[in-house]
Amino acid sequence: MEAIMSEGNVEEKKEKIKNVQEYKREDEFENPQELFENLKLAILRYHPSTDISMVKKAYKVAYDAHKEQKRKSGEPYIIHPVSVAIILAELELDKETIVAGLLHDVVEDTSMTLEDIERQFNPEIALLVDGVTKLTQINYSADKVELQAENLRKMFLAMAKDIRVILIKLADRLHNLRTLQYVKPEKQREKARETMDIYAPIAQRLGISKIKIELDDLSLKYLEPEVYKNLENQIEQKKSSREKFIQDIVDDVKRHIDNAGIEAKIDGRVKHFFSIYRKMVNQDKTLDQIYDLFAVRIIVDTVRECYAALGVIHEMYKPIPGRFKDYIAMPKPNMYQSLHTTLIGPGGMPFEIQIRTFEMHKTSEYGIAAHWKYKENADGHNSADTEEAKLSWLRQILEWQRDMSDNKEFMSLLKSDLNLYSENIYCFTPSGDVLNLPNGSTPIDFAYAIHSAVGNKMVGARVNGKMVNIDYTIRNGDRIEVITSQNSKGPSMDWLKIVKSTQAKNKISQWFKSELKEDNISKGKEILDKYCKTKSIVLSDYTKPEYMEKVMSKYGFRDWNSVLAAVGHGGLKEGQVMNKLIEEYEKKHKKDITDEEILGAVSESGIRPKITKSKGGIVVKGIHDVAVRFSKCCNPVPGDEIVGFVTRGRGVSIHRTDCINILNMPELERTRLIEAEWQDGAKPVHGEKYTAEINLFANNRTGILADLSKITTERQIDVTSMNVRTSKQGLATISMSFEIGSVEELNRLIDKMRSVESIIDIERTTG
């Protein structure tokens, strides 16, 4: 390889590289240096004239920085960044991206700084490494919508600064998935789910099928291991017969294409696992029932030859009606172009043929990496127009971020938009322009795709010259005319249930938020005030700018009115807002609360405890003349070990010591706990009754409630509430609340209930 690099003549280099054997697979190398030789060869394959001295320097810097580190597999850590760089080179990316791929972990995992990278390389590479480092620090959470939305906002902003950042991150994620067998199963599922939810759809949106397909298959392998293994076995069992079937078709097609005088590259394959699995699930079919399990690809030089080849194919095989798609005339949103036709092959076996040009194939495999502003064409001009078209989706995401204050809505729209599995339809404006809309779209979607003002003023629509209802489902080739009126009062809330496109849903929601914001702000204020009054909270103590800022930051709002509006329209619960305000207030007043409000109220040791006569007969040590109430979360009864909690303005609440709220109480709150005991030890107060709650788990059967009711009736126990839930597996969960005199009485009752047929277990609620 060094000999090739030192040659001066570019044409000689190209010729020599053609004759070099295919470089080793990633799992065949013997040491990091050998893997790095693969990287150099990968770069020279698509850019023989390039000077890779900066790539060599980056390898040395990364090697030295990670020298003492090992991967989970036990390999030297440098294997990972070199493998990431190889993936980027296979996408034929520029040297700066490959260098950043080699250095992408040094800032996070070693003592190197961004300043070091900028000094040794350049600001451009430092910017890329910084972007990838920030993306790595984003924690994915499928359950916490606010956190997930905020993290994705950061990701899209990083992508907007330089799209190469996400390309490096996709390569990083792909190599990590390739070596996921070395981490714990729960980590495998977490990374696979994150990949399936976020990274694979982004790769699809950017048109990089080369990466997207492998991310999908590897994610499926760890999310559904049994399904993956079963699918692998089924495909392997008939591998030879399938390969013969495909090869026979390829040979047959090649003969006819050659006879027609069309130069073409033809190959065949079985479709990738995740694509097959998705079709099996969506269509509820077995592997043998899936159409187009096989795909033959014909790659030609020109668009004219694409259609000529299609004519040849349709003369050879019978096409299946409704299974032809022209993505050349009507490209997909990610700029994918190809002709797809599904045909009946020998023996009645269906298969798909895809026909495209070499340029279209490159775009299909590499997506935005094939045409972007950093890569120059042969004539020295960059391909910014194509890159801009591919990034129109990203610009739309950034517009949503500016418009939306509600994280849940942002996540809903984003996931909907990332879901590209449903086919699109194509329709026309009156002037003949083509619009690409999601399958199932209506004239409302069409109107908002033109402009939000058109959608907001829409009162009707014509399709192919005839009036239609606004919920009409648009078909391929329809010509749509929107009827507007200045007297329109705007969209209806019902439209949100009708429209299919993310764009239309967003614009309708924004209209309502804008129109109704003042009403929602007023309503939000009322709800918050009412909540505080019921909880005896003085709202003005907590609505200080520094506390409000924390609430806005947590829930992703830009101003306090947006928070109030969200409470007003139900997007945010008033309890969530107040809990955060109180939490921030208490952080600020930690010292005051501890020293003055709580400890000052509790006597030091040596002072005789004061006894408060209360309904429940509770002794609270150190505090007198205080109201005592029983906590409803754990319902203590005489005989339970108890503890007091000093509340603000509501006296002391009594909890069981095993109450989950006490066990999980923050350290800050624990200063408010105070000793408490029953007045006469464990003896019940004569005539007093206490609420107790238990959960019973049982195998569901007819008559079980009657048996339980008989026990409580015999003991003259008043049942105040009962709730029953039954799972699909026949497991019943029965929650019962009743009045009881003491813990001994409760234990006797539970023992009796355990003897009832079908009862599996009984437990007291602990919060």
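Since only LEU705, VAL719, GLN679 are under comparison, the one whose Cα sits farthest along the positive direction of the charge dipole of segment 653-767, derived from C-beta charges on Lys, Arg, Asp and Glu, is LEU705. Counting Lys and Arg as +1 and Asp and Glu as -1 over every other residue whose Cβ lies under 12 Å from the Cβ of SER431, the net charge comes to -1.
With each label modelled as a point 7 angstrom along the Cα→C-beta vector, the ASN464-ASP109 pair spans 5.9 nm. Backbone phi angles across segment 345-350, fed through the Karplus curve with coefficients 6.51, -1.76 and 1.60 (θ = phi - 60°), yield HN-Hα couplings of x, x, x, x, 7, x Hz in residue order; Gly and Pro are listed as x.
May I ask for the net charge around GLN188, where only other residues with Cβ less than 13 Å from the Cβ of GLN188 are counted and Lys, Arg are +1 while Asp, Glu are -1?
Working: positive: LYS72, ARG178, LYS184, LYS187, ARG189, LYS191, ARG193, LYS221; negative: GLU186, GLU190, GLU194, GLU224.
Cβ neighbours under 13 Å give a net charge of +4.
3J(HN,Hα) along segment 221-230, derived from phi through the Karplus expression 6.51 cos²θ - 1.76 cosθ + 1.60 where θ = phi - 60°, amounts to 4, 9, 7, 10, x, 5, 4, 4, 5, 5 Hz, with x in place of Gly and Pro. Per-residue Karplus couplings for segment 438-447, computed as 6.51 cos²θ - 1.76 cosθ + 1.60 with θ equal to phi - 60°, are listed in order as x, 4, x, 5, 10, x, 5, 4, 4, 4 Hz, Gly and Pro entered as x. Counting only protein heavy atoms and a 1.4 Å probe, segment 638-767 has 54 square angstrom of accessible area per residue. Near THR357, the amide H atoms lying under 5 Å from its own belong to VAL300; only residues 5 or more places off or on other chains count, and H is placed 1.01 Å from N. Full extension of the chain segment joining GLU243 with VAL183 gains 18.1 nm, where the gain is 0.36 nm per residue of separation less the Cα-Cα distance. Taken over segment 697-767, the percentage of Cα pairs per 10 Å bin, counting from 0 up to the bin with the maximum distance, is 17, 57, 23, 2.
Which entries of LYS271/LYS332; LYS56/LYS265; LYS254/LYS362; LYS489/LYS530 show an alpha-carbon separation above 30 angstrom in the structure shown? List each step's numbers first, then the result.
Values: LYS271/LYS332 19 Å; LYS56/LYS265 36 Å; LYS254/LYS362 21 Å; LYS489/LYS530 33 Å.
In this structure, LYS56/LYS265; LYS489/LYS530 exceed 30 Å between Cα atoms.
Using a simple spin-label model with pseudo-atoms 7 Å out from Cα toward Cβ, ASP541 and LYS254 lie 8.3 nm apart. Just the number, please: carbon plus sulfur as a percent of the accessible area of segment 497-587, 1.4 Å probe, no ligands or DNA/RNA counted. In segment 497-587, the share of accessible area belonging to carbon and sulfur is 48 percent.
Taking K and R as +1 and D and E as -1, what net charge do the other residues with C-beta under 13 Å from the C-beta of ILE257 add up to? Write out the running numbers ahead of the final one.
Values: positive: LYS254, ARG255, LYS265, ARG297; negative: ASP251, ASP252, ASP258, GLU263, ASP267, ASP301, GLU305, GLU315.
Counting the neighbours of ILE257, the net charge comes to -4.
Taking every C-alpha pair closer than 8 Å and separated by at least 6 residues, the mean separation divided by the residue count of segment 447-540 gives a relative contact order of 25 percent.
Take the residue pairs LYS191/LYS497; LYS40/LYS95; LYS587/LYS632; LYS505/LYS525 and return only those whose Cα atoms are more than 22 Å apart. Those over the limit are LYS191/LYS497; LYS587/LYS632; LYS505/LYS525. Under a 5 Å amide H cut-off, with hydrogens placed 1.01 Å from N, TRP678 pairs with VAL619 among residues at least 5 apart or on other chains.
The values are calculated or read from the model by the stated rules, or taken from the named source; none is laboratory data. Keep in mind the model is a prediction, meaning the values are calculated, not measured. Cβ atoms come from the backbone with ideal geometry, glycine included; neighbour counts cover every protein chain shown. For the accessible areas, the whole protein counts, side chains as well, though only heavy atoms, and no ligand, DNA or RNA atoms are used. Shrake-Rupley method; radii C 1.70, N 1.55, O 1.52, S 1.80 Å.
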